[in-house]
Structures are given as C-alpha cells and as structure tokens.
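Bear in mind these aren't lab numbers, they're just calculated from the coordinates by the rules spelled out. Every value quoted in this text rests on a predicted model; they were computed, and no experiment measured them. All Cβ positions, glycine included, derive from the backbone under ideal geometry; neighbour counts span all protein chains shown.
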Amino acid sequence: MAKIPTIDDIHAARERISKYAYVTPLEHSTDFSRLLGNDISHKLENLQLTGSFKVRGALNAVLSLPKDQLAAGVIAASAGNHAQGVAFGAHQLGIKATIVMPLGTPLVKLMAVKRWGAEVIQTGETYDEAADCAASMAHDTGACLIHPFNDPKVIAGQGTIALEILEQKPDVDAVVVPIGGGGLISGIGIAVKELRPRVQVIGVQASGADAMAQSLGAGEIRKSPRTLTFADGIRVARPGDLTFAISRKVVDQVVTVDDDEIANAVLMMIETDKSVVEGAGAAPLAALIHKRVGLRGKHVVLIVSGGNIDVNILSRIIERGLVKTGRLIRISVTLGDHPGALAGITDHLARFGANVLHVHHNRAFARGRLDETTVEFALETRGHEHAREIVQGLSRAGYLCDVIAG
C-alpha cells in the first residue's frame, strides 16, 4: 500500500495547483437552511475548472511527475471527471494523455475529455473494467497510470478543498462528502482531522454502489457485485486499499441514499439554489433532506462535487420530478367521435388553467362505443391540488376521465 498523505502534502498540493485550479465559492443557502433546520453552505466544486473537484487531484498527480516520465505520457481510467482533470494537466505540460472510459459514459464528459486533446478509448460496462484495461495499457506502453482515487498525490489534491473550507467557514461543525472510491473524503478527512479534529466528516454513497459503506461496516474491503446508480461520479464497485485505510481513521459516518432521493436533490438544487449539479454532487443534500444524518442546528458544509450531468439524464430527472410533484399529469378522457368534441374539452381545460403539452387520439384501442374515442392529454399544472381540481371539474362537466400518471 502507498504512503498515506500528510497535511504537509496537502499544503504542497495547494501550492502546486494554485496556478490552474480555482478557489471555489462556499455559498450559504438560506432556503435549505430554513428547510432543514441547519446552517447549510454549499462548496461549489461544480464551478471548478472542468466542472468537478477531480481536477485538483489529477493536476497534483500530473504536475508531480518526474521529468523522465513525461515523454511516455499518462493514462487514466475514468467515467469522466477524473479524465478531464488528467487531460487538462497533460495539455498544460504538452504530453500525451490516453483515457479509458466505460461504454456508458455520458456524452458531455466524453466530449469534454476530447476537447483537451486526449485520446479516448471506450471499453467495459463499468469503471472497474475500464480500469483493468488502462492498467494493462500502462504496463505495455510505459505510460504513467494515474488512478482516480487510490493515489497519494490525487488524495492530497482533493484535500485542498478542506483547506479552503476551514478558511471560508471557521465555525463548520460537519462536512458531508459524496463517496465513490474514497479519494475525495480521504483528502478532506486528513486535512479536517489534522486542523479541526472536532469537525465531523460524513460520507454519502448511492445505495446501489455502496462498497465503501459495506467495507467500513465489515472492517475489510468489500466489492459490490453490481453497481446500479445513475450517479456515475460515485459508481465504483470497490474502494482502494489506501482510501479504505484512510477512511477508517478519518471518516465519522457513511450513509446511503437511493437514486430517487438523489434525483430529487438534483431537481431541488436547480429550483432552489439555481445550481446545476450531477448526481454525485447532489448526494450530500439528499442525505440531509431524507434525514440520514442527525445534524439539526449545526453548521454544515455540503460538497457539491461536480456539475457535469448529461442533458438527457437531466431532462428525465426534471420530467419525473414534475410528475412526482403533480405538476405534470397524463389523463385519459372518453369523447364523442365527432367534430367539435376535442375543441369542447380543450376549452374546459383552458378554463381550469391547465396547459396542454401533448394530445394523443386513440380510436383503434378505445374501449367505448364505436362512436366514441379515447384522448390522452399531457397537462402542465400547478401541483397535486390543481390536478385534482382539473379532474373533478371535467367529471362535473360530464366527461369520463382517468388519471394515468401524476
């Protein structure tokens, strides 16, 4: 196992990457503080260079390479954010970067890596399969393999976030951190426990990819047989031996949240704090919203680890969130199949304040009489109560109406 980084290593990393990486804002959230009964602040790593905290550790590792290693270039396996950091660092030094990415990597992350001039190879269904390929290529080519989390230089780079937090929020009581392989929480934990031991360090994992939580609970490294979460930034099957050893010393608690809870937190961040975040970045907020941790009345910093979310995933999150809150409903209405019938019901919908998004006639599969048709409407409403008013109003007007979704 590699040497565990020290607080001196983290200070050195801060100096090394300061030319490139941003000091990201720590923003107090009045709305979430009121909602959750805490003093909530967001450490906005979604505003970091490349849109994620990962550039800190990747830069520190690349900039620490000895000169005789540079000619062979660097190689990394990543679902996207670490890849961008490595590609950016290699671009700054003018060296070759090869990135191995899983087949399901979001397009936004794939294209961002290519923009920094890296060669991208896509293989494997999971990060771990991509990592095996990257390790084999590093052995064959002599390129330096930069691990996304199980590397002392990477961990030290991530720890620079904690130095900023402790300066920006001296009265912090707890830092809540998303966990995939454990590099981020390891770096933050080392710095926090060295400089402010009373501050709690709490990790959050997706319930479908909770290897670190399982490992800490068992006292030994456990591998998840499958990783099932849309939060690709924390979709890791096994923690590293180094990050596991560090986490046992510096992490106070690890909790899990499911994908629906993460998706809800993504939507709430957009609507409430006007921040676009990826699934991993919303996991800490999800843990507080769904009361996985007892921090009421405390000064809490949530690490918003990144904002590189695929727009298709974001679209689904928004649509499902609208359905869940009753602001998007789908109803089925039986109408007489004659001219003017559709105009009549749309007039009723307009009077009830419903906005019609989609209309679908269903003559062939209608269950009523031959002179009737079934029409499905997708409607935009103000919420569950408004949706009930619309359905009740149509029923009073004589329409046979069923709610399909919403």
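Using the charge dipole of the chain (Lys, Arg: +1 at Cβ; Asp, Glu: -1 at Cβ; taken about the Cα centre), state which of Gly321, Ile289, Leu195 has its Cα farthest towards the positive end.
Among Gly321, Ile289, Leu195, the one farthest towards the positive end of the dipole of the chain is Leu195.
On a straight-distance basis, which lysines could pair with Lys114 in a cross-link, Cα separation under 17 angstrom, same-chain partners fewer than 8 positions away excluded?
Lys54, Lys96
Mind listing the long-range amide H neighbours of Val100? Cut-off is under 5 Å, sequence gap 5 or more, other chains count too, H placed in the peptide plane at 1.01 Å from N.
Those lying under 5 Å, H to H, from Val100 are Ala76, Ala77, Ser78, Ile121.
Add -39500 (n - 2.57) for each DSSP H run of 4 or more in the chain, then divide by its residues: what number comes out at 222 nm, to the nearest 500 deg cm²/dmol?
The helix-only estimate for the chain comes to -13500 deg cm²/dmol at 222 nm.
Can you list the lysines whose alpha carbon is less than 22 Å from that of Lys291, not counting same-chain residues fewer than 8 positions off?
Once the sequence-local lysines are set aside, what remains near Lys291 is Lys43, Lys324.
Taking 8 Å as the Cα distance limit and 6 or more residues as the minimum spacing, I'd like the relative contact order of the chain as a percentage.
Across the chain, relative contact order equals 16 percent.
Pairs of Cα atoms under 8 Å, at least six residues apart: use those to get the relative contact order of the range 325-405, whole percent.
Result for the range 325-405 is 48 percent.
Which of the aspartates and glutamates could a cross-linker span from Lys193 if the Cα-Cα distance has to be under 17 Å and same-chain partners fewer than 8 positions apart are dropped?
Asp8, Asp9, Glu164, Glu167, Asp171, Asp173, Asp252
Give the label of the value calculated from the structure for Cα extents along the principal axes in Å, choosing from [x] 82, 50, 40; [y] 67, 42, 41; [z] 68, 58, 35.
[x]
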